[in-house]
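S.K.: Starting off with a structure, shown below.
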2 protein chains.
Amino acid sequence: MTTQQLTQQIKKKNSFLCIGLDVDLNKIPKHLLSEEDPIFAFNKAIIDATHHLCVAYKPNTAFYEAYGLKGWKSLEKTINYLNENHPDIFTIADSKRGDIGNTSSMYAKAFFEDLAFDSVTVAPYMGKDSVEPFLAFENKHTIMLALTSNEGAFDFQTKMVEGKELYKHVLETSKSWKNSINLMYVVGATKAEYLADIRTIVPDSFLLVPGVGAQGGNLQDVCKYGMNDNVGLLINSSRGIIYASQSEDFAEAASQKAKELQEQMETILNS
Amino acid sequence: MTTQQLTQQIKKKNSFLCIGLDVDLNKIPKHLLSEEDPIFAFNKAIIDATHHLCVAYKPNTAFYEAYGLKGWKSLEKTINYLNENHPDIFTIADSKRGDIGNTSSMYAKAFFEDLAFDSVTVAPYMGKDSVEPFLAFENKHTIMLALTSNEGAFDFQTKMVEGKELYKHVLETSKSWKNSINLMYVVGATKAEYLADIRTIVPDSFLLVPGVGAQGGNLQDVCKYGMNDNVGLLINSSRGIIYASQSEDFAEAASQKAKELQEQMETILNS
């Protein structure tokens with residue numbers, strides 16, 4: 001999928017919502033546990049109930065790996081279900097990978113080819129040759145961590161490097177990498193005011209923004225500082241939507257929560 | 001496994017060699033491709049031929065994920081084979097993971113419990129709360145990237161932060177984290193002279209050193225600057241050992257290459 005197609009979807013659906021499919025068997029409705037594949041059954045129900053309200057789904061791979069082979073199979077079924085039934089929806093493998101060149105190529109192959117995700121999240125610590133192998137894939141997107149939404153973001157990301165914060169250094173440096181047009185960035189919503197500075201460095205890039213809702217970020221602030229002419233934002237919500245109810249009405253409750261966010265987004269897009 | 005047990009193994013085998021099981025189906029001997037699980041068949045033959053010469057095995061998870069479900073199954077079979085037949089050997093899941101707290105807990109569960117590795121590599125960019133969930137596991141070890149062996153290491157890791165290089169800042173900061181006794185660090189061999197400085201910051205920690213051989217690092221230099229009273233080093237070699245031959249004699253050739261390194265290590269340990 002191209003970024004132009006993503007922007008078209010956003011305008012068509014009046015939504016820039018991304019739903020995080022972070023499935024924990026301890027948190028899903030009990031009645032699903034008797035299904036052959038409870039994780040996929042949960043995801044399918046959430047997708048069926050919310051696909052018209054969002055433009056992206058983001059399974060965090062940790063939640064699948066934690067269940068070993070079975071979890072990996074659930075991830076495969078989930079991405080296949082999305083690609084078959086909702087090819088217009090942008091898919092993100094939230095895996096935060098990164099390794100030396102030939103190894104990063106293997107990860108890129110895993111997520112872009114074997115699992116056919118549209119995008120994958122990566123960590124910047126190992127620098128240019130750890131990220132460029134991902135960027136080489138046409139019409140695939142590499143979403144690099146810049147400023148994350150957790151407390152630990154202040155340990156290193158905001159430290160001053162050559163006169164500016166490390167995360168700004170990461171953003172600027174990455175613009176010189178080969179095929180950097182395929183980069184997007186993770187920027188936590190809990191630091192919405194930072195978005196104004198970030199937009200001066202990467203005015204055109206899409207930003208994936210976690211931390212609205214459960215982690216305390218504010219949608220209006222994020223849009224005020226982070227939106228560009230092509231919207232340029234994907235706002236992620238995971239727990240706030242998928243665990244809105246733990247009863248049999250969980251999909252309906254998720255749809256309701258997604259609708260609330262979509263309506264706020266529609267208001268912002270039309271203002 | 002405790003670090004004391006690891007040091008005992010090193011002294012018993014006169015070796016601090018770690019063998020990287022980075023299996024690429026394009027590089028293994030052709031005759032293995034007709035096996036039901038060529039990756040596991042390759043690993044089993046390598047392990048059978050080298051286990052007396054090394055103290056650790058390190059599968060890089062990228063090479064397994066690249067083959068999807070089948071690859072994950074090969075990884076599971078490999079770690080189970082190691083734990084059943086060679087419980088004294090230290091196992092490293094080289095996965096370079098890291099995420100917000102509850103998500104890192106899922107990764108820790110995946111590698112420490114589901115797959116029962118002794119250790120896992122993690123990336124530091126997201127800071128304290130992304131690493132501490134790994135550190136909470138008793139007698140499990142978290143090997144954090146400090147200074148990697150690739151070109152991209154110079155993009156961010158060696159930049160000056162508050163008067164010292166970022167990787168030194170990472171090392172120092174991590175010492176204050178809860179259960180930091182369970183930390184080890186990745187330090188690339190291509191920068192052996194940096195090890196003297198690193199030892200002033202983390203004198204007692206084990207260092208996992210990739211980059212000897214294929215990437216140009218020198219064993220003598222690494223030991224000169226990096227060894228401590230408990231040895232404190234695991235030197236990794238992947239391609240130089242496992243792809244020493246691509247013919248039917250591959251396991252024998254791997255054993256020969258491992259033996260050359262083990263003998264160099266024995267000389268150093270006894271000097």
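S.K.: If I go through segment A:46-66 residue by residue, how many of them are in a loop (DSSP other than H, G, I, E, B) and either free of Cβ contacts under 8 Å to residues at least 24 places away in the same chain or touching an Asp or Glu at 6+ places or on another chain (Cβ under 7 Å) (or both)? Write out each step before concluding.
M.R.: At the first step, the residues of segment A:46-66 found to be in a loop (DSSP other than H, G, I, E, B) are A:51-55, A:59, A:61, A:66.
Of the ones still in play, those that are also either free of Cβ contacts under 8 Å to residues at least 24 places away in the same chain or touching an Asp or Glu at 6+ places or on another chain (Cβ under 7 Å) (or both) are A:59, A:61, A:66.
Selection size over segment A:46-66: 3.
S.K.: Follow-up. Among B:161, B:131, which is within 7 Å of chain A (Cβ to nearest Cβ) and of a type in the set (Val, Ile, Thr)?
M.R.: Numbers: B:131 fails: within 7 Å of chain A (Cβ to nearest Cβ).
Every option except B:161 fails the conditions.
S.K.: Right, here's the next one. Pairs only if they're at least six apart or on different chains, beta carbon under 8 angstrom, first in segment A:156-169 and closer than 15 Å to residue A:198 by Cα, second loosely packed, with under 15 Cβ neighbours inside 10 Å and of a type in the set (A, V, I, L, M, F, W, C); list them, first residue then second.
M.R.: Pairs found: A:166/A:160.
S.K.: Looking only at segment A:67-99, count how many residues are under 27 Å from residue A:3 (Cα atoms) and outside any strand (DSSP E or B).
M.R.: Selection size over segment A:67-99: 17.
S.K.: Let me ask something additional. Which of (1) of a type outside the set (S, T, N, Q); (2) in contact with a helix residue (DSSP H, G or I) (Cβ under 6 Å, 6 or more places away or on another chain); (3) under 25 Å from residue A:108 (Cβ atoms); (4) touching a residue at least 12 places away in the same chain (Cβ under 8 Å) does residue B:94 not meet, given it meets every other one?
M.R.: In the conditions (1) of a type outside the set (S, T, N, Q); (2) in contact with a helix residue (DSSP H, G or I) (Cβ under 6 Å, 6 or more places away or on another chain); (3) under 25 Å from residue A:108 (Cβ atoms); (4) touching a residue at least 12 places away in the same chain (Cβ under 8 Å), residue B:94 misses (2) alone.
S.K.: Among residues belonging to segment A:179-189 that are aliphatic (A, V, I, L, M) and in contact with a Lys or Arg (Cβ under 9 Å, 6 or more places away or on another chain), point out the one that is surrounded by the most Cβ atoms within 10 Å (Cβ to Cβ).
M.R.: Per the criteria, the residue is A:186.
S.K.: So, of the residues in segment B:179-201 that are of a type in the set (A, V, I, L, M) and farther than 23 Å from residue A:157 by Cα, which turns out to be farthest from the other protein chains (Cβ to nearest Cβ)?
M.R.: Step one: of segment B:179-201, the residues of a type in the set (A, V, I, L, M) are B:181, B:183-184, B:186-187, B:189, B:192, B:195-196, B:198, B:201.
So of that shortlist, the ones also farther than 23 Å from residue A:157 by Cα come out as B:181, B:189, B:192, B:195-196.
Numbers: B:181: 19, B:189: 13, B:192: 18, B:195: 19, B:196: 23 Å.
Checking each candidate, the answer is B:196.
S.K.: Please work out which one of (1) touching a residue at least 24 places away in the same chain (Cβ under 8 Å); (2) surrounded by 22 or more Cβ atoms within 10 Å (Cβ to Cβ); (3) not charged (D, E, K, R) is the condition residue B:116 fails and give its number.
M.R.: (2)
S.K.: Output the number of residues of segment A:146-188 satisfying the condition of being closer than 20 Å to residue A:6 by Cα and among the aliphatic types (A, V, I, L, M).
M.R.: Within segment A:146-188, the first condition is being closer than 20 Å to residue A:6 by Cα, and the residues that meet it are A:179-187.
Retained after the next criterion (residues that are among the aliphatic types (A, V, I, L, M)): A:181, A:183-184, A:186-187.
Final tally of qualifying residues: 5.
S.K.: I'm trying to understand the selection: among the residues of segment B:14-29, which are among the charged types (D, E, K, R) and buried (at least 20 other Cβ atoms within 10 Å of the Cβ)?
M.R.: B:22
S.K.: Can you pull out every residue in segment B:30-41 that is surrounded by fewer than 24 Cβ atoms within 10 Å (Cβ to Cβ) and part of a helix (DSSP H, G or I)?
M.R.: B:30, B:31, B:32, B:33, B:34, B:38, B:40, B:41
S.K.: Scan segment A:164-178 for residues that are more than 25 Å from residue A:60 (Cβ to Cβ) and either within 9 Å of chain B (Cβ to nearest Cβ) or surrounded by fewer than 17 Cβ atoms within 10 Å (Cβ to Cβ) (or both) and jot them down.
M.R.: A:164, A:169, A:172, A:173, A:175, A:176, A:178
S.K.: Can you name the residue in segment B:42-101 that is farther than 28 Å from residue B:247 by Cβ, of a type in the set (Gly, Ala, Ser) and modelled with pLDDT of 95 or more and is also surrounded by the most Cβ atoms within 10 Å (Cβ to Cβ) among such residues?
M.R.: B:98
S.K.: Scanning segment B:148-158 for residues that are surrounded by fewer than 17 Cβ atoms within 10 Å (Cβ to Cβ) and assigned to a loop (DSSP other than H, G, I, E, B), which turns out nearest to the other protein chains (Cβ to nearest Cβ)? Give the steps one after another, and end with the answer.
M.R.: Here is the first cut: in segment B:148-158, the ones surrounded by fewer than 17 Cβ atoms within 10 Å (Cβ to Cβ) are B:151, B:154, B:158.
Imposing the further condition that a residue be assigned to a loop (DSSP other than H, G, I, E, B) reduces the set to B:151, B:158.
Working: B:151: 5, B:158: 10 Å.
Among residues in segment B:148-158 that are surrounded by fewer than 17 Cβ atoms within 10 Å (Cβ to Cβ) and assigned to a loop (DSSP other than H, G, I, E, B), the one nearest to the other protein chains (Cβ to nearest Cβ) is B:151.
S.K.: Look at segment B:87-112 and say how many of its residues are within 16 Å of residue B:20 (Cα to Cα) and more than 9 Å from chain A (Cβ to nearest Cβ).
M.R.: Adding up the residues that qualify gives 5.
S.K.: Is it the case that some residue within segment A:181-192 is at pLDDT 95 or above, of a type in the set (S, T, N, Q), farther than 25 Å from residue B:177 by Cα and touching a strand residue (DSSP E or B) at 6+ places or on another chain (Cβ under 9 Å)?
M.R.: Yes, segment A:181-192 contains a residue that is at pLDDT 95 or above, of a type in the set (S, T, N, Q), farther than 25 Å from residue B:177 by Cα and touching a strand residue (DSSP E or B) at 6+ places or on another chain (Cβ under 9 Å).
S.K.: In segment A:53-69, which residues are within 11 Å of chain B (Cβ to nearest Cβ), in contact with a Phe, Trp or Tyr (Cβ under 9 Å, 6 or more places away or on another chain) and not hydrophobic (A, V, I, L, M, F, W, C)?
M.R.: Within segment A:53-69, A:61, A:64, A:65, A:68 qualify.
The values are calculated or read from the model by the stated rules, or taken from the named source; none is laboratory data. None of these values were measured; they are calculated from a predicted model. Cβ coordinates were reconstructed from backbone atoms using ideal geometry, including for glycine residues, and neighbour counts include every protein chain displayed.
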